[in-house]
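This report refers to the structure that appears directly beneath it.
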Amino acid sequence: MEKILLKNLDKPDAHKIENYIQYGGYKAFESALKLKPDNIIQMVKDSGLRGRGGAGFSTGLKWSFIPKDPTIAKYLCCNADEGEPGTFKDRGIIDNDPHLLIEGMAIACYAIGASNAYIYIRGEFAFGANRLDAAIKEAYAKGYLGKNIQGSGFNLNMYVHRGFGAYICGEETALLESIEGYRAQPRKKPPFPALAGLYGKPTVINNVETLSCIPAIIEKGPEWFSKIGPEKSPGPKIYCVSGHVKRPGLYELPMGTTARDLIYNHCGGMLTDKPLKAVIPGGVSAPMLTPKDLDTPLDFDSLAAKGSMLGSGAVVVMDESTCMVKTAYIVNRFFSHESCGKCTPCRDGTPWLTNVLRRIEHGEGKPGDVELLESLCTNIFGRTFCPLGDGAVMALRGALKNFREEFQYHIDHKRCMVSGR
């Protein structure tokens, strides 16, 4: 497949605007400025592009919710927080090809009538934030940002907003709270951001990878985009692969590539040729798959049918040397630490899960602890203010479903089934 999102990754100094333009950059934006905003929204709808941040919602449909009234201020926020463990796809674009993101954001702003755009990036990504600051400065100097862009009458200002490493800021309304200077906690919905978002104004929030798809849709057409991958989840997808594989890294492939093809063909197979034990397909909040599921297409609907989710597209591969009790403990410790504390089921429930998993992992498990974990999951799932608690529960339920005997062995024998210790 022709590379779209990672096409400039290995080109010299692609982060500099002169080289980006030489590689064909900003042509799509120039073309978009000659179209009516509604036509651009329709093109994105027709492409079938679904958000690459996790939820998989139709991008064009989200844009269409924004009110058309030109007297109302509107905003675009790019979610570059990328806090899901195992995920590094957006960072690859930001560090190496920041103008691709800026161009996609500029087109999106023109389509929805926004004159101000924010890139919300984790504070730890200092290198990427500096790259974005420099790229935005270049875009202003070349007339792709600012007033009367390319003589079109369209005005756009763009800013980089650095967060402070809170996982909850990946949730769109907590991200808005953080930009406004408040404690990052999710808002009650409705109203949804499309009507009352940043500073109470209509706002679109999209992921880095989502917005980076936009220039190709404008340049090559929605029909071209819609023919890549499955009909209901079309387009290219960046899979970020880590764990026990020979060639971890970023892989841009058609949406719907199977886990088997990704691991054994593109990633070169298992690191030490030990049998595969489990695969997390979409960041650690996604329930894991087992070897029998390797032929599952990695797209939104196929993974949902398997009881998992594509999420961020972060594929974590584990061989038979992996202890699933320890894995579950580490994952839930992360969710417990990152809970914003707004709602009781998540604030109290995730630490409780972590404490039970800790004692099981450390050989102090008690009879009935597995059932206690299941009961806690039931009392958390669907009862939290945002999906953070649900993510913790889904990951643990997947581990209990597929590897329950390991948890029970830890409790009964006070040691690990895998390592013997």
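Bear in mind that the values in this text are calculations on the coordinates, not laboratory data. Just so you know, these numbers come straight off a predicted model, no measurement behind them. Every residue, glycine among them, receives a Cβ derived from its backbone with ideal geometry; neighbour counts consider all protein chains shown.
A few remarks follow.
- Full extension of the segment from residue 246 to residue 347, taken as 0.36 nm per residue of separation minus the current Cα-Cα distance, would add 32.5 nm.
- Projected label distance in nm at residue 415 and residue 115, using a 7 Å step from Cα toward the beta-carbon: 7.1
- Centroid-to-centroid separation of segment 377-397 and segment 1-55 [C-alpha atoms, Å]: 36
- Beyond 28 Å in Cα-Cα separation lie the following of the pairs 3/232; 7/34; 306/414: 306/414.
- Computed E for residue 161/residue 27 - FRET, C-beta separation, R0 30 angstrom, nearest 0.05: 0.60
- Fraction of antiparallel bridges per DSSP, the chain only, in percent to nearest 5: 40
- The slack in the chain from residue 266 to residue 224, taken as 0.36 nm per residue of separation less the alpha-carbon distance, amounts to 12.7 nm.
- Taking amide H positions as modeled 1.01 Å from N, with prolines and chain starts lacking one, the residues under 5 Å from residue 243 and 5 or more places away or on another chain are 317.
- Between residue 142 and residue 374, the C-beta separation translates, for a Förster distance of 45 Å, into a calculated FRET efficiency of about 0.20.
- Here the label points at residue 130 and residue 362, each 7 Å from Cα along the C-beta direction, are separated by 4.0 nm in the simple model.
- Using a cut-off of 18 Å between Cα atoms, the listed pairs 246/277; 62/220; 11/137; 68/189 include 62/220; 11/137; 68/189 as exceeding that distance.
- Taking a straight line from the alpha carbon of residue 227, these aspartates and glutamates sit under 14 Å away, with near neighbours fewer than eight places off in the same chain left out: 2, 46.
- Ascending count of other beta-carbon atoms within 10 Å, so fewest first, for 173, 59, 272, 296: 272, 296, 173, 59
- Over the chain, relative contact order from alpha-carbon pairs under 8 Å, at least 6 apart, %: 16
- Residue order, fewest to most surrounding Cβ atoms within 10 angstrom, among 348, 97: 348, 97
- Sorting 10, 293, 299, 412 from the fewest to the most surrounding beta carbons within 10 angstrom yields 10, 412, 293, 299.
- Listed values [x] 26.7, 85; [y] 23.8, 77; [z] 22.0, 74, entry calculated as Rg and Dmax of the Cα atoms in Å: [z]
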